[in-house]
Amino acid sequence: MSWQENYQRWQQASLTADLSKELKAMASDEAILQEAFTNPMSFGTAGMRGVMGPGINAMNIYTVQQATEGLAQFMDQLDPAQKNAGVAISYDSRYHSQEFAFAAAGVLGAHQIKSFVFDSLRPTPELSFAVRHLHTYAGIMITASHNPKQYNGYKIYGPDGGQMPPEEVGQIVNYIQQVTDIFDINVMSVPELRAAKLLQLIGEDIDEAYLAKLATVTINPELIKKVAADLSVVYSPLHGTGKVLYDRVFRTAGLTKISVVPEQAILDPEFATTPFPNPEFAQTFTLAKKIGAEKSADLLIATDPDADRLGAAVRQPDGDYQLLTGNQIAALMVNYILDAHRLAGNLPADGCVVKSIVSSEFPAKIAAHYGIETRNVLTGFKYIGEQIEQMEVTGQGHFMFGFEESYGYLVKPFVRDKDAMQASVMLAEVAAYYREKGMTMYDGLQSLYAEYGHFQERTVSFDFEGLAGQEKMKQVMAAFRKQPLEAVAGVKVAAHEDYLAQTHTENGQVSALALPKADVLKYYLADDTWIAVRPSGTEPKIKLYFGVVAEDEAAGKAKLDAYQKELSTRLK
C-alpha cells in the first residue's frame, strides 16, 4: 500500500482517543505523514523502538498488538509444553507502558497463551530473571531504555532469559508481516484473561527470589562490613524502575549510607529533571553531584529508566566528581572481581570475561594479567548470553563478567541481560575495596593506567532521521566498503574486518571470521588503535568507535581528536 492508503485506513479506523487526536494534528504535515505511514516499524533482534504516536512506523497499541500477534502465531507452532509455559511481561515508567503490557497479554490470551504480568513496573533484568525463574518460553519488556520521553519500545526474550535469538526473531517477523489488518487482531480484556486463568499477576514473589540471587553478587561481604559505616553512595533511578528495588538491593548487600536523589526517584514519564535519561550523560548527575558534595560521597550511581544500564561518577582529590566511561567502569570491576577471587583462592583456571567487539581492550589486558581469557562477541547482550549458555552446556569456560561499552554489565548469570542492579552492588563493593586501602576509585583508576597503559575510548554518533536518512546510512556503509581505509590521520591500517562479509584481512591475506553476520566494519591501526563503524540496531544513527592507548590522557585525547576529525567527514 501507498502511504496515502495506509493513512486513509487509519483515518477510517476507530482509534483510541489520544491517537485520534494526534492523527488529526498531523494532517497538515505531509512529511510527518509519510514518515508514519510509508514503512512499518522495523523489528530487529533487539525488538522495536520508536516515537509514540499514530502510524505503522510508530509505537502505539496497534503496532504492539501486531508484534504480539506475530509472537503468538510463532508460539502456536511450538510443541504444547513450550506454548503452555507462557510469557512473562514487564514494563517501565513511560507513557503507555502498562497499557502496552496488558494489550500484549490480551493478544496472547486470544491464542490461549498464559501471561505472567508484573503488578507494577520492574527493571528489565528482573524480567530476564522472571523468564528463567518461572520457566516461561518467552518474555516481553515494554521499554525504550534510555531514550527521551517520546519513545517507547518492545523487546522479546527467549527461554534462557536472553533476548530472542536471530533465527526465532526472523520467524516471528514473518508472522508479523502476515498480519494484513492491524485493526483486526483478537484481544481479550483483562477480566476475560483473569476469568480464563490466562493472566497471572506477579510481583513480590519474583522480587524476593531476585533479591535472594542479588545477595550472592558480593564477593567479600566482610570487606563491606568493615567500611559500611563510612562508605557513602548517592543513587538515582532517573525516574525509572530502579526505584522499585534499590533500597532493598543495597541493604541486602550490607550497604547502609545510601542517599537517593529525591527529585529523580519520582516515577515520571516526562523525565522532568533529565530530558535525556541516559546515565552516560553528565547532565544526569547534576543533582547527584550536589548531594554527593554535601555528604562527601565516595560514589555516585545512576541507572537508566529500565535499570539495565549503569553510569557512575567518582570523587576526585579536589572533591569534584569525574564521570566514568562504560569502559572505565568495566575495567575497575574486572580488576576487583578477578583480584578478589584470587585472594579468596577460587579464581578458576578457565575463567572467562566476555565483551562486545566495540568495547575497550583495557579490561581484556587486565584479565590477561590474571590468566583469564577474554572472548569478543557482536554488539548485543544476547551474544554474551549465548557465550554463558555455551560455557554451561560444554563445561568449557567459567563466566566471570560480561560487559558492553554502552554501560551494560553482568556479574552473575542468573540474569541473561545487562543488569544495573547487580552492577550497582558490585561497583559499591569496588568502592569499599579502595576505601579500605585509603584510596578513592579515582585513585584506583589511575593506578590501573599506571600499570597497564592509558586506554581511552570514544563513541561518536551521527543522526540520519527520516526515510532519506535510512537510505543515506546504507550509502555511507557501502562507501566504506567500496573505498576501504588504508590509513587514518597518517597511521597505516594494519588489518580490517568486515562482519557482514565475515572476513579478516591482513597483509593481503583474507581469513574467515567465526562470529555471525553484522553490519560492522573494524580497523586495526599500526599504533594499536582500533576503529569501528556500526549502524545502531535501535536508532537512526551510525556510530564511530575509537580505542587508543597512549602514555597519558593528553596524548590519548590528541589521538582520538585526530582520528575523529578525519573520519567524521565521511559521515556528513
Only one of 478, 554, 494 is in a strand (DSSP E or B) and among the small types (Gly, Ala, Ser), namely 494
In the stretch 224-246, residues that are under 18 Å from residue 293 (Cα atoms) and open to solvent by less than 40 Å² (accessible area, probe 1.4 Å) total 6
Which numbered condition residue 197 fails, given (1) on the phi < 0 side of the Ramachandran plot; (2) open to solvent by 10 Å² or more (accessible area, probe 1.4 Å): (1)
Please tell me if residue 310 is within 19 Å of residue 144 (Cα to Cα), open to solvent by less than 10 Å² (accessible area, probe 1.4 Å), in contact with a strand residue (DSSP E or B) (Cβ under 8 Å, 6 or more places away or on another chain) and not in a helix (DSSP H, G or I). yes
Specify the residue that is nearest to the chain's Cα centre (by Cα); the eligible residues are those in the stretch 313-332 that are surrounded by fewer than 20 Cβ atoms within 10 Å (Cβ to Cβ) and within 11 Å of residue 441 (Cβ to Cβ). 322
Could you tell me which numbered condition residue 560 fails, if it satisfies all but one of (1) open to solvent by less than 20 Å² (accessible area, probe 1.4 Å); (2) part of a helix (DSSP H, G or I); (3) of a type in the set (A, V, I, L, M, F, W, C); (4) free of Cβ contacts under 8 Å to residues at least 40 places away in the same chain? (4)
Can you confirm whether the stretch 284-303 contains a residue that is over 19 Å from residue 430 (Cα atoms) and within 21 Å of the chain's Cα centre (by Cα)? yes
Members of the stretch 535-551 that are under 27 Å from the mean Cα position of the chain (by Cα), outside any strand (DSSP E or B) and not β-branched (Val, Ile, Thr): 536, 537, 539, 540
Please find, among 430, 393, the residue that is of a type in the set (A, V, I, L, M), closer than 25 Å to residue 377 by Cβ and open to solvent by 10 Å² or more (accessible area, probe 1.4 Å). 393
Suppose we filter 148, 166 for residues that are at pLDDT below 95 and out of contact with any helix residue (DSSP H, G or I) (no Cβ under 8 Å at 6 or more places or on another chain); which single one remains? 166
Any chance the stretch 149-160 includes a residue that's among the acidic types (Asp, Glu), closer than 20 Å to residue 421 by Cβ and open to solvent by less than 20 Å² (accessible area, probe 1.4 Å)? no
Of all residues in the stretch 129-141 being in a loop (DSSP other than H, G, I, E, B) and open to solvent by 10 Å² or more (accessible area, probe 1.4 Å), the one that is farthest from residue 380 (Cα to Cα): 135
Residue in the stretch 251-262 that is open to solvent by less than 70 Å² (accessible area, probe 1.4 Å), within 15 Å of residue 240 (Cα to Cα) and in a helix (DSSP H, G or I) present: no
Those residues of the stretch 181-194 which are within 26 Å of residue 56 (Cβ to Cβ), open to solvent by 90 Å² or more (accessible area, probe 1.4 Å) and in contact with a helix residue (DSSP H, G or I) (Cβ under 8 Å, 6 or more places away or on another chain), in sequence order: 186
Filter the stretch 433-447 for residues that are over 27 Å from the mean Cα position of the chain (by Cα), over 20 Å from residue 411 (Cα atoms) and either among the hydroxyl-bearing types (Ser, Thr, Tyr) or surrounded by fewer than 17 Cβ atoms within 10 Å (Cβ to Cβ) (or both) and give the result. 436, 437, 438, 439, 440, 443, 446, 447
Hey, any hits in the stretch 341-354 for a residue that's within 30 Å of residue 291 (Cβ to Cβ) and part of a helix (DSSP H, G or I)? no
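For residue 86, are the conditions met, namely being closer than 20 Å to residue 171 by Cα, modelled with pLDDT of 95 or more and open to solvent by less than 40 Å² (accessible area, probe 1.4 Å)?
Working: closer than 20 Å to residue 171 by Cα: yes; modelled with pLDDT of 95 or more: yes; open to solvent by less than 40 Å² (accessible area, probe 1.4 Å): yes.
The answer is yes for residue 86.
If a residue has to be closer than 26 Å to residue 403 by Cα and either modelled with pLDDT under 95 or open to solvent by less than 20 Å² (accessible area, probe 1.4 Å) (or both) to count, how many in the stretch 283-297 make the cut? Don't jump to the end; show me each part of the working.
Quick first cut of the stretch 283-297, residues closer than 26 Å to residue 403 by Cα only: 283-286, 288-289, 297.
Imposing the further condition that a residue be either modelled with pLDDT under 95 or open to solvent by less than 20 Å² (accessible area, probe 1.4 Å) (or both) reduces the set to 284-285, 288, 297.
Selection size over the stretch 283-297: 4.
Quickly run through the stretch 463-480 and pick out the residues that are under 14 Å from residue 534 (Cα atoms) and exposed (fewer than 14 other Cβ atoms within 10 Å of the Cβ). Lay out the reasoning, then the answer.
Step one: filter the stretch 463-480 for residues under 14 Å from residue 534 (Cα atoms), giving 463-464, 470, 472-480.
Within the stretch 463-480, 463, 474, 475, 478, 479 qualify.
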Criterion: of a type outside the set (D, E, K, R), loosely packed, with under 14 Cβ neighbours inside 10 Å and within 27 Å of the chain's Cα centre (by Cα) - qualifying residue of 526, 514, 450: 514
Within the bounds of the stretch 58-72, is there any residue that is open to solvent by less than 10 Å² (accessible area, probe 1.4 Å), over 23 Å from residue 133 (Cα atoms) and touching a Ser or Thr at 6+ places or on another chain (Cβ under 9 Å)? yes
Consider only pairs whose beta carbons are under 8 Å apart and that are at least six residues apart or on different chains; among these, list those whose first residue lies in the stretch 271-287 and is closer than 11 Å to residue 302 by Cβ and among the small types (Gly, Ala, Ser) and whose second residue is open to solvent by 40 Å² or more (accessible area, probe 1.4 Å) and at pLDDT 95 or above. 282/323
Selected residue (criterion: least open to solvent (accessible area, probe 1.4 Å)) from residues of the stretch 32-46 that are within 17 Å of residue 150 (Cβ to Cβ) and out of contact with any Leu (no Cβ under 7 Å at 6 or more places or on another chain): 36
Any idea which residue in the stretch 333-381 is farthest from the chain's Cα centre (by Cα), counting only those that are of a type in the set (S, T, N, Q) and open to solvent by less than 40 Å² (accessible area, probe 1.4 Å)? 335
Only residues that are crowded, with 17+ Cβ neighbours inside 10 Å and either touching a helix residue (DSSP H, G or I) at 6+ places or on another chain (Cβ under 7 Å) or not acidic (Asp, Glu) (or both): list them for the stretch 14-31, please. 15, 19, 23, 26
Taking the stretch 97-113 and keeping only residues that are more than 22 Å from residue 178 (Cα to Cα) and either touching a helix residue (DSSP H, G or I) at 6+ places or on another chain (Cβ under 7 Å) or surrounded by fewer than 19 Cβ atoms within 10 Å (Cβ to Cβ) (or both), one is left with 98, 99, 102
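The values are calculated or read from the model by the stated rules, or taken from the named source; none is laboratory data. The structure displayed is predicted, hence computed values, not measured ones. FYI the Cβ positions are ideal-geometry reconstructions off the backbone, even for glycines, and counts take in every protein chain you see. With ligands, DNA and RNA removed, areas are computed over all heavy atoms of the protein, side chains included. Shrake-Rupley method; radii C 1.70, N 1.55, O 1.52, S 1.80 Å.
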